[in-house]
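Colleague: Please find one structure pasted underneath; my questions will follow.
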Amino acid sequence: WLKNLLGSPTNIAVSGALNTVGVLLQHYPAYRGRFPEPERAYEARRQELLGLLLQGLAHYREEVRQEALLVTGTMLFDSPVLSMEEKSRLFSLCYRKLLFLIQAGPRQDPLTFFYRASALAHINRFIALRRLDKGPFAFSQPRKIAFFPGTFDPFTLSHKGIAHAIREMGFEVYLAVDEFSWSKKPQPHMIRRQIVNLSIAGDFHVHLFPDEIPVNIANPENLHRLRQAFPGRKVSIAVGSDVVAHASSYRKPVEPDSIHTFDHIIFRRPG
C-alpha cells in the first residue's frame, strides 16, 4: 500500500507515505519485542522501509524530494525516539546511497537547497555526536566490485534482476549508463540515467557509476582508471554473453589493463 502511494501523481499522497515510513522506522525497534521473528526477516523489513524513503530522494518531482530530505533529516537522524545505536545501524546501511542521492537530481527549485542544507546539518550533527560518544563507525567489510556497463534503454526488470543476482554473490554492483550508441539510437543519456537512478534507489549495494569517470571497455587507459577508483578491491566486469562474442574490444590483442585482464561475470543471452 505504501509503495502504491509513493507512485501516486498527487504530491500530498506521496508526502503522507514518506512521513508514514519515517514514523515506522522511528518506532521499528519496538516491533522486535512485540512480534518475535528471525533476525533476517526483521532486518529485511527495515531495509525495505528505508529503501522506500531513499526512493523519495531519487524522485523526479522536486516537492517529493524535498519531503524525503525533511523526513531523512528530522525523523531519522534528529529523532528523539531512535537510540544512537539504531541511528548508527541505519547510517551504516545507507550512507553511500545518501551521499549520492542528496547530490543527484535536478536543482531547479531554490527551496530544495534549504531542504538539503537542513538534512545535511542533522546528519552532520549525528555523525559528530556518534564519534564523540561511541568512537568510529563499524562499517561492514568492503565487497568485491562488479562493473555493469550498458545502454539500459530502457532499464528493465531483467536488468534489475541481474544486478540483484550479482549482489547476492557478494558484490557491490555499479551500473554504468553508456553516453550514446550509434547503432541503438537510445533515449537521451540523462533520461536513461534518471530512470536507472529511480529504479535502484532503494536497492542496497547497487549503485550508479559516476558520470565524471567515463569508461570505455575497449580503452585500457579507461579500464586502468576504473581499477584505480577502487584501490585494494578486485573489480570484475559484468556483461552478457553476446557482448563477449561480438564486441570489438574482445578481439583486440591482450595488453596491460585491457578487458582480457579482468575477471568476468557473464550472463547467458538466449541462443
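Colleague: Which residue pairs have Cβ atoms closer than 6 Å, lie 6 or more positions apart in sequence or on different chains, and pair a first residue in the range 246-265 that is open to solvent by less than 40 Å² (accessible area, probe 1.4 Å) with a second residue that is in a loop (DSSP other than H, G, I, E, B) and not hydroxyl-bearing (Ser, Thr, Tyr)?
Modeller: Ser249/Ile217; Ser249/Ala218; Ile259/Ile217
Colleague: For Thr74, state whether it is hydroxyl-bearing (Ser, Thr, Tyr) and in contact with a Leu (Cβ under 8 Å, 6 or more places away or on another chain).
Modeller: In short, no.
Colleague: Does Gly240 satisfy being on the phi > 0 side of the Ramachandran plot and more than 17 Å from the chain's Cα centre (by Cα)?
Modeller: For Gly240, the condition - on the phi > 0 side of the Ramachandran plot and more than 17 Å from the chain's Cα centre (by Cα) - is not met.
Colleague: Same structure again: Within the bounds of the range 133-149, is there any residue that is at pLDDT below 95, surrounded by 18 or more Cβ atoms within 10 Å (Cβ to Cβ) and under 23 Å from Ala58 (Cα atoms)?
Modeller: yes
Yes/no per residue for (1) buried (at least 19 other Cβ atoms within 10 Å of the Cβ); (2) aliphatic (A, V, I, L, M):
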| position | (1), (2) |
| --- | --- |
| Leu6 | yes, yes |
| Leu18 | yes, yes |
| Gly22 | yes, no |
| Phe35 | no, no |
| Glu43 | no, no |
| Glu48 | no, no |
| Leu53 | yes, yes |
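Colleague: Report, ordered by the first and then the second residue, all pairs with beta carbons closer than 8 Å, sequence separation of six or more or different chains, a first member in the range 127-140 that is more than 16 Å from Leu82 (Cα to Cα), and a second member that is at pLDDT 85 or above and open to solvent by 90 Å² or more (accessible area, probe 1.4 Å).
Modeller: Going by the 8 Å Cβ cut-off, the qualifying pairs are Phe137/Arg131.
Colleague: For Lys87, are the conditions met, namely being in contact (Cβ under 8 Å) with a residue 60 or more places away in the chain and of a type in the set (Lys, Arg)? Don't jump to the end; show me each part of the working.
Modeller: Values: in contact (Cβ under 8 Å) with a residue 60 or more places away in the chain: no; of a type in the set (Lys, Arg): yes.
No.
Colleague: In the set Ser158, Ser249, Ser236, which member is of a type in the set (S, T, N, Q) and at pLDDT 95 or above?
Modeller: Criteria check complete, one pass: Ser236.
Colleague: Suppose we keep only residues that are open to solvent by 30 Å² or more (accessible area, probe 1.4 Å) and of a type in the set (Val, Ile, Thr) within the range 70-128. Which one would you say is nearest to Gly16 (Cα to Cα)?
Modeller: Across the range 70-128, the extreme among qualifying residues is Thr74.
Colleague: I'd like to check something: does the range 172-193 contain any residue that is part of a helix (DSSP H, G or I), open to solvent by less than 20 Å² (accessible area, probe 1.4 Å), of a type in the set (D, E, K, R) and touching a residue at least 40 places away in the same chain (Cβ under 8 Å)?
Modeller: The answer is yes, given that some residue of the range 172-193 is part of a helix (DSSP H, G or I), open to solvent by less than 20 Å² (accessible area, probe 1.4 Å), of a type in the set (D, E, K, R) and touching a residue at least 40 places away in the same chain (Cβ under 8 Å).
Colleague: Pick out the one residue from Leu54, Leu24 that is within 27 Å of Phe100 (Cβ to Cβ) and in contact with a Gly (Cβ under 9 Å, 6 or more places away or on another chain). Quick ask: steps written out before the conclusion?
Modeller: Values: Leu24 fails: in contact with a Gly (Cβ under 9 Å, 6 or more places away or on another chain).
Going through Leu54, Leu24 in turn, the sole match is Leu54.
Colleague: Could you please find all residues in the range 150-171 being among the acidic types (Asp, Glu) and surrounded by 18 or more Cβ atoms within 10 Å (Cβ to Cβ)?
Modeller: Of all residues in the range 150-171, those among the acidic types (Asp, Glu) come to 153, 168.
Asp153, the sole residue that qualifies.
The values are calculated or read from the model by the stated rules, or taken from the named source; none is laboratory data. All values reported here derive from a predicted model rather than from experimental measurement. Cβ: placed from backbone, ideal geometry, glycine included. Neighbour counts: every protein chain shown. SASA here: full protein model, heavy atoms, side chains in, ligands and nucleic acids out. Shrake-Rupley method; radii C 1.70, N 1.55, O 1.52, S 1.80 Å.
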